[in-house]
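The values are calculated or read from the model by the stated rules, or taken from the named source; none is laboratory data. Note that the structure is predicted; figures quoted are calculated from it, not measured. Counting neighbours? That spans all protein chains shown, and the Cβs are built from the backbone with ideal geometry, glycine included. Each accessible area value is taken on the protein alone, full model and side chains, heavy atoms only, with ligands, DNA and RNA left out. Shrake-Rupley method; radii C 1.70, N 1.55, O 1.52, S 1.80 Å.
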Amino acid sequence: GESVGLHLPTLSVQEGDNSIINCAYSNSASDYFIWYKQESGKGPQFIIDIRSNMDKRQGQRVTVLLNKTVKHLSLQIAATQPGDSAVYFCAENMNTGFQKLVFGTGTRLLVSP
Amino acid sequence: GAVVSQHPSWVICKSGTSVKIECRSLDFQATTMFWYRQFPKQSLMLMATSNEGSKATYEQGVEKDKFLINHASLTLSTLTVTSAHPEDSSFYICSATTGTAFNQPQHFGDGTRLSIL
């Protein structure tokens, strides 16, 4: 089924800590996954992506891990900063032959100075 | 690069009126544009996919006669909410891509907050 969010779980961390945000996706056939950051009143901003033939990908301060066995995706943010405070969504491409993204429920990250 | 602009960013109107939202790709040609709706504290839900010059493909449960989508050029798509009612109040977000490949990144606008009184 498709993910529908009813509420936003919240992760609170101290500045400088590492943050790990988790996501369970719905379709074992999904071939592409993306993490987005959404600040209040704005559209989603691309953070990092990963294809289904990979299990790890690193960017600047961010790492995405993919575990297809349990349909789990995680986003690790190193040395979290107050500017990282936002809602983070994972999205999966449903592999229907054309692009169709289904977004996860989202996690609110609060970073305290 | 890859900037998507939405207009207006916020609109309030009376029940029964129609509202048009514009989505423009400012520095690239968008072969495909997507329209999403987001209710407070919830995730983005895809409403429809539009390809330039063809009819939009609507997701299940989205009324095509209620939400009219036009993608007449490679830089502009519009969403018209017809005869809007309070339950249509939401945050509407568009995105655009330069191709149809599964890993072509979607570039998002900053959304339009629609409030129907």
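The table below lists the values:
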item	result
A:Thr10-A:Gln58 pseudo-label distance in nm [points 7 Å out on the Cα-to-Cβ vector]	3.3
The stretch B:25-117 - percent of accessible surface contributed by carbon and sulfur, probe 1.4 Å	51
For residues of A:36-42, the mean tally of beta carbons on other chains within 10 Å	3
Nearest-0.05 FRET efficiency for B:Lys66 and B:Cys13, computed from C-beta distance (R0 25 Å)	0.95
Distance between the stretch B:1-44 and the stretch A:10-81 - C-alpha centres, whole angstrom	25
Summed buried accessible area for B+A [probe radius 1.4 Å, Å², rounded to 100]	2000
Hydrodynamic radius (Kirkwood) for chain A, which is based on Cα pairs only, to one decimal in Å	14.2
10 Å Cβ neighbours from other chains, averaged over peptide A:100-108	4
Computed E for B:Ser115/A:Phe46 - FRET, C-beta separation, R0 41 angstrom, nearest 0.05	0.90
Cysteines, the protein assembly as shown, no other Cys beta-carbon under 4.7 Å	B:Cys13
A:Lys68 versus A:Asn22: modelled label distance in nm, points set 7 Å from Cα along the beta carbon direction	2.2
Residues of the protein assembly as shown: accessible area per residue with a 1.4 Å probe, Å²	48
Other protein chain Cβ atoms within 10 Å, averaged over every residue that makes up B:34-46	6
